[in-house]
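Colleague: One structure follows; several queries about it will come next.
The values are calculated or read from the model by the stated rules, or taken from the named source; none is laboratory data. Just so it is clear, the structure is predicted and the values come from calculations on it, not from any experiment. Note that we place each Cβ from the backbone using ideal geometry, even for glycine, and neighbour counts take in every protein chain shown.
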């Protein structure tokens, strides 16, 4: 019996998320291109991302109240059905910028509701080294679809138009809901007992669970700090850097992102091949990966060649994927099953808040002083974080 036939629910989850990820990518790229074509401004496209991130933060905040009451599978299906509805309605209102912002907000809100539920469901399917294997296969599959999608999405959207792309998104969301419907194993509320806890009490319990778990707390600190730098990889900043610093057409944004995902695929494959070594040295792997990303980002900042930009994106994607798999697996392994959903949601809230503030500051700096300064400051943040975690004995000794 093959690995996939023995893990039917995992395959269904992976299939549903692949379709959803492809739909999300097409939707977000369509929106960014539409807004940028109307304004040609970093500020306008950055505002769209700020609005999207704020909506995700509110969605994560909202979902903390019922993650341990409603099965994760049901939460995901409801979220995807609402996103499908929003896309269907936006089909008729896409030409109005105000409506675009409204539907982007609603779409992002529902994405945030599904995110911790997916992480919770995935954590119940396996443990230990097998959890790392499943996370690697899961992420690798998503990277493959994103690599292909980024390479063709912008040229296709520019050629056929946003309206026809929305029909494609609708089809993929129907498929994703179908995959999720047939999942059988979902222990997310198996031990739930009714109580009279208020919304704020549940939220506080999630915060306490995060603060009291040293591994989850340290990884969250790393993520929060690096979130301020991660804004440089958003579509709006990369689009501005590509057109102004690399002097290339918008299609090169898609090519760069594809090379990033190719690097991610190689990184995910490396985790599968070196599973035992990586699981026993998770902390050291995270440190080396973070330092590699920091150095590559600094080189990218001063680069002017679009060809070299492709190579740098590949180099960044490789260690970033390895680090993400290790961090994701550590959190899923070490967090309490009863609180993991709320912990993941509160992490998302915190990251979204930092992201919004960073996007606003980065957008202002980019408009006033140029996009290259934003990339330079982000590179410095990566370097500082790398040295901080390298000097943390607890992080160095992480293992699974």
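Colleague: State which residue is surrounded by the fewest Cβ atoms within 10 Å (Cβ to Cβ) when the search covers only region 117-136 and only residues that are modelled with pLDDT under 80 and under 24 Å from residue 26 (Cα atoms).
Modeller: Residues of region 117-136 modelled with pLDDT under 80: 119-120, 122-136.
From the residues that got through so far, the ones that are under 24 Å from residue 26 (Cα atoms) too are 119, 135-136.
Working: 119: 22, 135: 24, 136: 25.
Among those residues, the one meeting the criterion is 119.
Colleague: I need the full set of residues from region 230-247 which are surrounded by fewer than 19 Cβ atoms within 10 Å (Cβ to Cβ) and not in a helix (DSSP H, G or I), in order please.
Modeller: Scanning region 230-247 gives a single hit, 247.
Colleague: Filter region 83-100 down to the residues that are at pLDDT 80 or above and surrounded by 16 or more Cβ atoms within 10 Å (Cβ to Cβ), then identify the one that is nearest to residue 210 (Cα to Cα). So that I can check it myself, show each step before the final result.
Modeller: First, pick out the residues of region 83-100 that are at pLDDT 80 or above: 83-89.
If we keep only those that are surrounded by 16 or more Cβ atoms within 10 Å (Cβ to Cβ) as well, we get 83-84, 86-87.
Numbers: 83: 29, 84: 33, 86: 33, 87: 35 Å.
Here the answer is 83.
Listed here are the residues, each with its yes/no results for (1) farther than 24 Å from residue 156 by Cβ; (2) surrounded by fewer than 22 Cβ atoms within 10 Å (Cβ to Cβ); (3) over 19 Å from the mean Cα position of the chain (by Cα); (4) touching a residue at least 24 places away in the same chain (Cβ under 8 Å).
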| site | (1), (2), (3), (4) |
| --- | --- |
| 212 | yes, yes, yes, no |
| 223 | yes, yes, no, yes |
| 228 | yes, yes, no, yes |
| 280 | yes, yes, yes, yes |
| 289 | yes, no, no, yes |
| 310 | no, yes, yes, yes |
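Colleague: Condition first: under 20 Å from the mean Cα position of the chain (by Cα) and not in a helix (DSSP H, G or I). Now tell me which residues in region 56-68 satisfy that.
Modeller: 64, 67
Colleague: So, residue 295, is that one buried (at least 22 other Cβ atoms within 10 Å of the Cβ) and farther than 15 Å from residue 245 by Cα or not?
Modeller: Numbers: buried (at least 22 other Cβ atoms within 10 Å of the Cβ): no; farther than 15 Å from residue 245 by Cα: yes.
No; evaluated as a whole, the condition is false for this residue.
Colleague: Quick one: which residue in 385, 325 is more than 13 Å from residue 232 (Cβ to Cβ), in a helix (DSSP H, G or I) and at pLDDT 85 or above?
Modeller: On inspection, the qualifying residue turns out to be 385.
Colleague: Here are some conditions: (1) farther than 25 Å from residue 211 by Cα; (2) part of a helix (DSSP H, G or I); (3) touching a residue at least 12 places away in the same chain (Cβ under 8 Å). Residue 304 meets all but one. Which one does it not meet?
Modeller: (2)
Colleague: Check 269, 297, 258 and return the single one that is under 20 Å from the mean Cα position of the chain (by Cα), in a helix (DSSP H, G or I), closer than 22 Å to residue 381 by Cα and in contact (Cβ under 8 Å) with a residue 24 or more places away in the chain.
Modeller: The unique qualifying residue is 297.
Colleague: Only one of (1) buried (at least 23 other Cβ atoms within 10 Å of the Cβ); (2) modelled with pLDDT of 85 or more; (3) farther than 21 Å from residue 387 by Cα is not met by residue 346, so which one is it?
Modeller: If we test residue 346 against (1) buried (at least 23 other Cβ atoms within 10 Å of the Cβ); (2) modelled with pLDDT of 85 or more; (3) farther than 21 Å from residue 387 by Cα, just (2) comes out false.
Matching residues to (1) at pLDDT below 85; (2) assigned to a helix (DSSP H, G or I); (3) under 19 Å from the mean Cα position of the chain (by Cα):
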| residue | (1), (2), (3) |
| --- | --- |
| 1 | yes, no, no |
| 19 | no, yes, yes |
| 23 | no, yes, yes |
| 30 | yes, yes, yes |
| 54 | yes, yes, yes |
| 70 | yes, no, no |
| 78 | no, yes, no |
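Colleague: Go through (1) in a helix (DSSP H, G or I); (2) closer than 30 Å to residue 133 by Cα; (3) modelled with pLDDT under 85 for residue 356 and report which single condition fails.
Modeller: (2)
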